[in-house]
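Here the structure is laid out as structure tokens; the discussion comes afterwards.
The values are calculated or read from the model by the stated rules, or taken from the named source; none is laboratory data. All values derive from a computational prediction rather than experimental measurement. Please note: Cβ atoms are built from the backbone with ideal geometry, for glycine as well, and neighbour counts cover all protein chains shown.
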Ligand code: ME8
């Protein structure tokens, strides 16, 4: 039985169309899911939309339609985004679904049965944009003297009857959780922030609202809907069948990784584990708070007029190019910046000129100078040395880095192996060997052929379509790119025996040009 791996993204607010941050998170999660699958894990990947709450209700009201109409339309765009970016989820969850309401109510009853819910009156600050309650002490002053949340969003004074969750009771258990599981919150900077926040003391949390009804009803308390974050976080277990004791639930809970952005770490590492502890459910293994993606160093916003449609970017540069750029350019966990120039410069240099060129010239020479016919051969000396460099990068360097979500480091390892191959081509000069020593030329080209297969397999989670196009040209059959295959040393001889002929290659990584208006 292979080891289960359950990965989730945040579920997005569908109060507008998906932005670049949504695309970034979905791509990163998809890369992880594909990578873990290649490592032989039994992977389940969930994403979706977070459709209740005041933010959605107000946006719909502004547009003169129902929240459900708004949610239906916008949620569709999030699903389209996943399809367009080749993000292959196992479940796309919408919090309006009936099974989700049932799941939230079951979790609520479990917390209630544990004595952790009580009715009181809430009086305090609320940010609709963040869907978050803030303490007076956390607020900052805006330029016009208005009170703002620490995230810089407007807050409003709220007074209403509310159910409360005894969060204060969980201060010590949470600190113990962080202490005993140093990997629970990653990266470390986020972990330190949360330790400081929880050490400062926790107040009980208001977990229901009565001033609007767009949400999951509180069981036995019909005038209340659940606070949208109680509802949202529960999606991770709903998607596995909770409260039923399903096969998926048994296999995949607790989650291996909740992948989220840095702004919502508090909800996932303080509230969520406290709810689960209260309900007597196991806790997720890891929460990773990635950084924000910035447009030329700036946050995208309607007022700056710099909001980019991620699908337009994918159309312009290609899906795999965009995926590669995001994973390569950003030091995962930190903020990163993108611009058309940066995407073009980086991917031209690394994909088109380095890897693409290696593939193109190797396959062309085999096609032209060897009639596309491969032979069995022995590697020795510098050929063996090259294959060792490539194998170390593809089977150790990249996977070890990806395992700890250091994508940029992993790709850097891979690139060094690509550069080593190009250097080997230049030094061996097979175009000269063709005349001076044709047998040696064959060994050189066939050594590169083997190297390219490893390189394509290793980078496949990041650029699945392009890597598969390379693998197809190499004659590696579809469905033969799993982890077992990576270590199959017999594939080359089997390929030779099959009589595979290397055709004239089609370029897989075209060079990109900067659009006229941007130059
Ligand atoms: O927070 N760069 O939804 P959301 C990178 N519904 N990531 C970004 C980003 C940026 N510029 N902007 C946002 C919510 N994100 C809740 C989540 S989960 C139970 C409920 C990330 O649509 C953000 O950090 O505002 C979050 O992980 C995700 O996009 C969805 O954000």
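Taking the criterion of being in contact with a strand residue (DSSP E or B) (Cβ under 9 Å, 6 or more places away or on another chain) and either in a loop (DSSP other than H, G, I, E, B) or more than 10 Å from the ligand (Cβ to nearest atom) (or both), the residues of the range 291-313 that qualify are 291, 292, 296, 297, 298, 300, 304, 306, 307, 308, 313. With respect to being at pLDDT below 95 and either assigned to a strand (DSSP E or B) or more than 30 Å from residue 465 (Cα to Cα) (or both), residue 115 falls outside the description.
One line per residue, one yes/no per condition, for (1) in a loop (DSSP other than H, G, I, E, B); (2) in contact with a helix residue (DSSP H, G or I) (Cβ under 9 Å, 6 or more places away or on another chain); (3) assigned by the TED database to the domain that holds residue 78:
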{"residue": "14", "(1), (2), (3)": "yes, yes, yes"}
{"residue": "28", "(1), (2), (3)": "no, yes, yes"}
{"residue": "33", "(1), (2), (3)": "no, no, yes"}
{"residue": "51", "(1), (2), (3)": "yes, yes, yes"}
{"residue": "59", "(1), (2), (3)": "no, yes, yes"}
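Any residue in the range 32-45 that is near the ligand (Cβ under 10 Å from one of its atoms) and under 18 Å from residue 261 (Cβ atoms)? Taking every residue of the range 32-45 in turn, none turns out to be near the ligand (Cβ under 10 Å from one of its atoms) and under 18 Å from residue 261 (Cβ atoms).
Quick one: in the range 272-282, of everything that is touching a residue at least 60 places away in the same chain (Cβ under 8 Å) and surrounded by 21 or more Cβ atoms within 10 Å (Cβ to Cβ), which residue is nearest to the ligand (Cβ to nearest atom)? That would be 275. For the range 167-186, residues that are surrounded by fewer than 19 Cβ atoms within 10 Å (Cβ to Cβ) and not in a helix (DSSP H, G or I) total 3. Mind listing whichever residues of the range 2-15 are surrounded by fewer than 24 Cβ atoms within 10 Å (Cβ to Cβ) and more than 9 Å from the ligand (Cβ to nearest atom)? Passing the criteria: 2, 3, 4, 5.
So that you can scan it fast, the table gives a plain yes or no per residue for (1) away from the ligand (no atom under 11 Å from the Cβ); (2) outside the structural domain of residue 101 (by the TED database); (3) in contact with a strand residue (DSSP E or B) (Cβ under 8 Å, 6 or more places away or on another chain):
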| site | (1), (2), (3) |
| --- | --- |
| 224 | yes, no, yes |
| 232 | no, no, yes |
| 236 | no, no, yes |
| 247 | yes, no, no |
| 258 | no, no, yes |
| 285 | yes, no, yes |
| 315 | yes, yes, no |
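Checked against (1) within 15 Å of the ligand (Cβ to nearest atom); (2) touching a helix residue (DSSP H, G or I) at 6+ places or on another chain (Cβ under 8 Å), residue 263 meets all criteria but (2). Screening 7, 11 for residues that are under 28 Å from residue 155 (Cα atoms), in contact with a strand residue (DSSP E or B) (Cβ under 6 Å, 6 or more places away or on another chain) and in contact (Cβ under 8 Å) with a residue 60 or more places away in the chain leaves exactly one candidate, 11.
The lone criterion from (1) surrounded by fewer than 24 Cβ atoms within 10 Å (Cβ to Cβ); (2) in a helix (DSSP H, G or I); (3) more than 14 Å from the ligand (Cβ to nearest atom) left unmet by residue 323 is number (1). Applying the condition of being in contact with a helix residue (DSSP H, G or I) (Cβ under 9 Å, 6 or more places away or on another chain) and farther than 14 Å from residue 82 by Cα to the range 302-312 and asking which residue is surrounded by the fewest Cβ atoms within 10 Å (Cβ to Cβ) yields 307. Scanning the range 192-218 for residues that are assigned to a loop (DSSP other than H, G, I, E, B) and either within 27 Å of residue 56 (Cβ to Cβ) or touching a helix residue (DSSP H, G or I) at 6+ places or on another chain (Cβ under 7 Å) (or both) yields 201, 202, 203, 204, 207, 210, 211, 212, 213, 214, 215, 216.
Being surrounded by fewer than 19 Cβ atoms within 10 Å (Cβ to Cβ) and free of Cβ contacts under 8 Å to residues at least 12 places away in the same chain is a description that applies to residue 69. Does the range 128-136 include one or more residues that are away from the ligand (no atom under 16 Å from the Cβ), under 22 Å from residue 266 (Cα atoms) and either outside the structural domain of residue 233 (by the TED database) or surrounded by 15 or more Cβ atoms within 10 Å (Cβ to Cβ) (or both)? The answer is yes; a qualifying residue exists. Residue 55 meets all of the listed conditions (1) surrounded by fewer than 24 Cβ atoms within 10 Å (Cβ to Cβ); (2) touching a residue at least 12 places away in the same chain (Cβ under 8 Å); (3) closer than 27 Å to residue 322 by Cα but one, namely (3).
Against the conditions (1) under 26 Å from residue 129 (Cα atoms); (2) in the same structural domain as residue 54 (by the TED database); (3) more than 16 Å from the ligand (Cβ to nearest atom), residue 180 satisfies every one except (1). The condition of being within 21 Å of the chain's Cα centre (by Cα), closer than 18 Å to residue 12 by Cβ and within 16 Å of the ligand (Cβ to nearest atom) holds for only one of 94, 58, that being 94.
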